Structures are given as structure tokens and as C-alpha cells.
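Each reported figure results from applying straightforward, stated rules to the coordinates on display, with no laboratory input. Here the structure is a predicted model, which is why all the values come from computation and not from measurement. Cβ: placed from backbone, ideal geometry, glycine included. Neighbour counts: every protein chain shown.
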Amino acid sequence: MIALIDYGAGNTASVANVLKDLNTDYIITQKESEICKSDKIIFPGVGEASYAIKKLNLYNLINLLRVIKKPFLGICLGMQLMCERSEEGNVNCLGVFPTYCKKFEGDDIKIPHMGWNKVEFSEGSKLFDGIPNGQHFYFAHSYYVPVNVNTSSICNHGVDFTASMQKDNYYGVQFHPEKSGEYGINIIRNFLEKC
Amino acid sequence: MVTKRIIPCLDIKEGRVVKGTNFINLRDAGSAVELAERYYNEGADELVFLDITASEEKRKTLLQLVVEVAAVIRIPFTVGGGISELNDIDKLLKAGSDKVSLNTSIVNHPELISSAAKQFGSQAIVAAVDIKKVENTHKVFVKGGKVETEKNGMLWCMECAERGAGEILLTSMDHDGTKDGYNNDFLKELCEKVNIPVIASGGAGNKKHFADTFINTNVDACLAASLFHYNELSIGELKKYLYNKNINVRI
């Protein structure tokens with residue numbers, strides 16, 4: 001059973017549709033008890049960081065998500081919220097990854113970074129198992145996580161940034177696998193089967 | 001580098017896809033869900049649905065359509081048409097759409113752009129701007145192109161960007177349905193004045209028109225409707241053509 005965390009702003013429907021494609025049971029929830037009963041957790045994020053953290057506080061999920069030992073996949077804002085802090089709304093986040101989230105800058109790039117961009121991953125990345133390197137995935141974001149020690153794949157938009165990262169049981173992807181066609185579905189399948 | 005996008009647009013009336021010329025003379029082009037699935041399989045980068053149904057039942061049918069479309073495609077899609085409240089946006093995003101496009105409502109209430117961007121993120125808010133040349137200037141039109149406003153097209157696009165829109169969908173009514181090519185002059189200037197992504201709309205008649213616009217302007221995406229609906233041009237063939245012209249597209 002997969003717990004799909006719904007804090008009120010994320011688009012859970014699209015991820016749920018992929019889980020249906022993969023014949024996987026899931027529950028859409030914001031309850032601590034249900035998250036604790038699940039096998040794995042997916043945290044889809046759309047929206048604004050400080051609003052999302054406020055909601056997680058309201059549902060009393062911050063501490064649970066920081067210490068949980070189950071495989072955990074954060075998508076887009078869901079990945080950014082696993083950092084120590086975000087410039088978006090200047091908010092302290094979960095602090096799983098010892099890094100931060102900053103805004104794209106520069107006159108020579110368009111912000112938000114919106115559309116399909118090439119992702120280069122390093123050997124042994126479980127999420128990308130069976131996927132050829134250099135495929136395009138769909139991104140839609142104005143803030144990014146700089147390349148850091150936990151980065152497992154990179155993308156470029158003016159600067160190289162973290163397209164995915166991993167630490168212990170925590171996995172994050174900046175792109176939207178649920179909106180990235182067949183290869184995106186493979187990412188979610190890999191999380192379900194290999195992580 | 002982020003690729004240039006090809007976006008089929010589906011004008012929806014009561015669940016069916018329709019397309020007119022210069023915003024009038026609608027003709028039926030098939031089921032919205034079936035077309036969406038076809039475009040996904042052909043390699044479309046995303047889809048846009050504009051609901052032009054004028055009825056009381058509108059909101060319910062649009063939500064149902066979003067649920068059905070989200071069930072069959074795994075690429076992003078935008079929904080627009082008569083959206084005027086944060087609550088409408090919330091429901092559409094939760095039903096499975098990724099972005100909403102706002103047009104008449106933001107002309108009447110520009111502050112809706114910032115409140116929507118604050119709640120849902122800029123990436124979910126597309127400002128759809130319909131322009132038409134009136135004397136020597138481009139004016140903004142609303143209500144599906146029926147009503148002329150006082151607003152200057154270029155200045156309004158810049159204001160939308162400043163207020164937090166994540167993207168501009170620019171339709172040139174003078175070019176829409178003519179199949180004579182996009183309004184490259186306006187698009188070129190627009191891309192110099194805003195630094196959010198711009199989608200070109202109105203006028204695509206053949207694959208050369210797409211190449212011309214990608215080469216001569218800095219737009220991020222080209223949108224077309226009838227060209228794709230009636231099988232005059234397949235998305236796969238178009239993208240291959242653009243790729244061979246050294247335009248960065250996802251094959």
C-alpha cells in the first residue's frame with residue numbers, strides 16, 4: 001500500500017493515475033496513522049513552499065516525515081521541501097538533505113523553467129534503472145536545488161541543478177515523472193519495485 | 001536546454017472538439033478524450049483545452065472532462081475557459097490538470113493573477129491574451145474575442161508577467177484560422193519584453209510556419225488546432241522536420 005500525501009495543494013490525481021496504470025494499491029491521505037501503515041510514501045508537490053510547510057504543520061506531519069524509515073519519494077516541490085530551507089517564502093523545511101532551495105536568476109533564461117529538458121544521471125541510480133541516459137523529462141519550477149553530494153542526476157537551465165537526489169530511504173525528483181510519458185512511468189515503477 | 005514545445009489546442013464545446021476560423025464558424029472535430037490520447041501517442045509535448053461551452057452546466061462538464069483526459073494521457077495539460085475564481089482553479093488542478101489559462105477574468109480583475117500564483121505557484125497560471133490590430137495598435141479582446149477592451153496588447157502581457165503569471169499564451173486574432181503563419185513581429189518583441197515562457201497561437205498552416213517562428217522569435221512553444229485535428233499534419237512529422245532544421249525538440 002502506497003501513501004500518497006495530500007496536503008491540499010498538490011496534484012495527487014495525476015500520480016494516482018500512474019499508480020492505477022501500475023496496478024498498485026494506494027491511499028490519498030494526510031493522516032499520520034495511515035502513513036505509518038503504508039509500505040512506501042509518495043509526496044507530490046505543486047504550489048508554494050511556505051504554504052505547503054504551513055499545511056504539513058497543520059496536519060502534524062513534519063516530525064513524522066523527517067524520521068520515517070520507509071522509502072519516500074518527493075516530487076517537484078515535494079523534493080524541495082526535503083531540503084533544510086527554501087528561498088520561496090523563506091521557510092524552514094524538513095531538513096532531510098543538508099542543502100537549500102534557491103530561485104533561478106538571470107536575464108538569459110526564462111523563469112519558470114517550464115517544459116521538457118534533458119536529464120543526465122550517474123551510474124547505479126535505482127530510479128533510472130532501465131532508462132537510457134539523457135532522456136527528456138517534464139519540469140515546471142522557478143526554484144531549484146543546487147548540485148550537492150546527494151545529487152543523482154542533473155539538468156541544466158542557465159546553471160546545472162539537481163534533477164534528482166537520494167539519501168538513505170529518501171528520494172527526490174525535481175521533474176514530474178507522472179507527466180513525463182513512458183520514461184516517467186518507469187521512474188515511478190522503479191521506485192515501487194526497486195527502492 | 002529546455003526543448004521547444006508543440007502544443008495541440010482543443011476548443012471544447014459540450015465535450016466535443018470544435019474549431020472555427022477567426023473565432024467563428026465552428027465545426028466538429030471529434031471527441032476530446034480520443035483526440036487527447038491520439039496526440040499523446042503522437043508525441044505532443046503538452047495539450048491545451050479551451051472550453052467554449054456557454055451553459056449553466058459548464059463547470060461540471062469541464063471537471064468531468066479533466067478527469068477523463070487525465071486518465072489517458074501522461075503529459076501536462078492546461079485548461080481554460082470561463083475560469084474566474086480561486087475555487088474553480090483548485091478544483092481543476094485537483095481533477096488532474098496542471099495549469100489553468102485565464103483570460104477575461106484577469107482583464108476584469110488583474111489581482112486574480114497574483115492571488116492564484118501565490119496559492120498554486122506561477123507554474124500553474126497561464127495568462128491567455130487575445131490580441132487584434134485596431135488602427136495602428138494591438139488591442140486586447142475578451143469573451144472569446146467578442147469584446148474589445150481599452151488595453152494595449154504588449155503592455156497587458158508585461159503586466160501579466162509582473163503580476164506572477166507563469167506563461168503567456170498569445171493568440172493573434174488577425175492570424176487565427178488563416179493558415180498564413182504566426183504573428184512573428186509581435187511575438188519577437190514580446191519575448192524581448194517578458195522573461196516568462198511564451199506560447200505562440202494563431203495562424204499555423206504548414207510545418208514551415210513553426211520553423212519560421214522558432215527561428216525568428218524566442219517563443220518556447222507553438223500551439224495549433226485545426227492543422228492537427230484534420231490530419232493535415234502529424235505531430236511526429238512536424239517534430240522530425242523541426243529537428244532536421246536544428247530546432248531543439250523532443251523526439
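Numbers at a glance
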read-out: Segments classed as helices (runs of 4 or more DSSP H), wholly inside region A:19-125, with at least 1 members that are farther than 29 Å from B:THR78 by Cα and under 15 Å from the mean Cα position of the chain (by Cα); value: A:62-67
read-out: Residue check for A:GLY158: farther than 17 Å from B:ARG250 by Cβ and touching a residue at least 12 places away in the same chain (Cβ under 8 Å); value: yes
read-out: Hey, A:GLY47 surrounded by fewer than 16 Cβ atoms within 10 Å (Cβ to Cβ), closer than 21 Å to B:ILE125 by Cβ and within 12 Å of chain B (Cβ to nearest Cβ) or not; value: no
read-out: Some residue of region A:21-32 being within 14 Å of A:LYS179 (Cβ to Cβ) and in contact (Cβ under 8 Å) with a residue 24 or more places away in the chain; value: yes
read-out: Top-ranked residue of region B:164-203 - restricted to ones that are among the β-branched types (Val, Ile, Thr) and assigned to a loop (DSSP other than H, G, I, E, B), ranked as farthest from the other protein chains (Cβ to nearest Cβ); value: B:THR178
read-out: Every pair of residues 6+ apart whose Cβ atoms lie under 9 Å, when the first sits in region B:93-112 and is within 14 Å of chain A (Cβ to nearest Cβ) and closer than 23 Å to B:LYS60 by Cβ while the second is part of a strand (DSSP E or B) and basic (Lys, Arg); value: B:LEU93/B:LYS99
read-out: Residues satisfying the stated conditions in region A:140-185, i.e. among the hydrophobic types (A, V, I, L, M, F, W, C), part of a strand (DSSP E or B) and over 13 Å from A:THR99 (Cα atoms); value: A:ALA140, A:ILE154, A:CYS155, A:VAL159, A:ALA163, A:VAL173
read-out: Long-range neighbours under 8 Å by Cβ, at least six apart or interchain, first residue farther than 18 Å from B:ARG250 by Cα and free of Cβ contacts under 8 Å to residues at least 60 places away in the same chain within region A:110-125, second aromatic (Phe, Trp, Tyr) and assigned to a loop (DSSP other than H, G, I, E, B); value: A:ILE111/A:PHE104; A:PRO112/A:PHE104
read-out: Residues satisfying the stated conditions in region B:203-239, i.e. at positive phi and in contact with a Ser or Thr (Cβ under 7 Å, 6 or more places away or on another chain); value: B:GLY203
